[in-house]
Amino acid sequence: MKKVCLILIAVSLSFVSYGQLATLGPKIGINHSTLTEKDAQAVAGGEASVGFHAGLFARFSVLGFYIQPEAMFTSSGGEIVINSDDINANVDQVKSMRYNKIDVPIMLGVKIGPLLRLNAGPSFSFLLNSDIRDGNAQQEIEENYSDATVGFQAGIGIDISKLNFDLRYENNLSALGDEVSFGGETFTTDLRNQLWILTVGYELF
């Protein structure tokens, strides 16, 4: 996965070398994140959580379009609900999950008028650490989850002077992992992370 990401970035940079560098700068933002289970049985998605993004972006103009690679530190997550029938309990168990990762979206876009932008593209995620929580109890779960996943982002943007505002939807094309363990129990999962992302970037040049 890392090799694929590096190849795509290299191809993008080689391609845009024929165009003109438009801008480079930092960006920050927040996300509204939910976990969804493709085949909900013992484990299902629960309530959403709020996370944040911080990193850098570059934008290259090519023949009226643009390519925008980014490198973002992302903290996201959500709740999962474990069916009481599968843990011999009286009520379902709700766990809070958190993922810290590096996201590398490579957005392809077009400007519509002087302000509005439309863009979409693949997003590659590399897991730094993750945990599952139940009240004060916390357990690291990296061993259960993929080091890298691939997804996509799509959204709209507005440019006002040197400020760039973006609203995007993100979803996983591959599962976060095959199973999750908590409290001595292991559950098979196919969790995907869905996010609404709002960011603001600043053009340094």
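Bear in mind these aren't lab numbers, they're just calculated from the coordinates by the rules spelled out. Everything numeric in this text was worked out from a predicted model, so none of it was measured. Counting neighbours? That spans all protein chains shown, and the Cβs are built from the backbone with ideal geometry, glycine included.
Counting 0.36 nm for each residue step from K162 to L118 and taking away their Cα separation leaves a gain of 14.1 nm.
Of R59, R98, the sequence from fewest to most neighbouring Cβ atoms within 10 angstrom is R98, R59.
Report note on the peptides 71-83, 163-175: ranked by the mean count of other C-beta atoms within 10 Å, highest first, their order is 71-83, 163-175.
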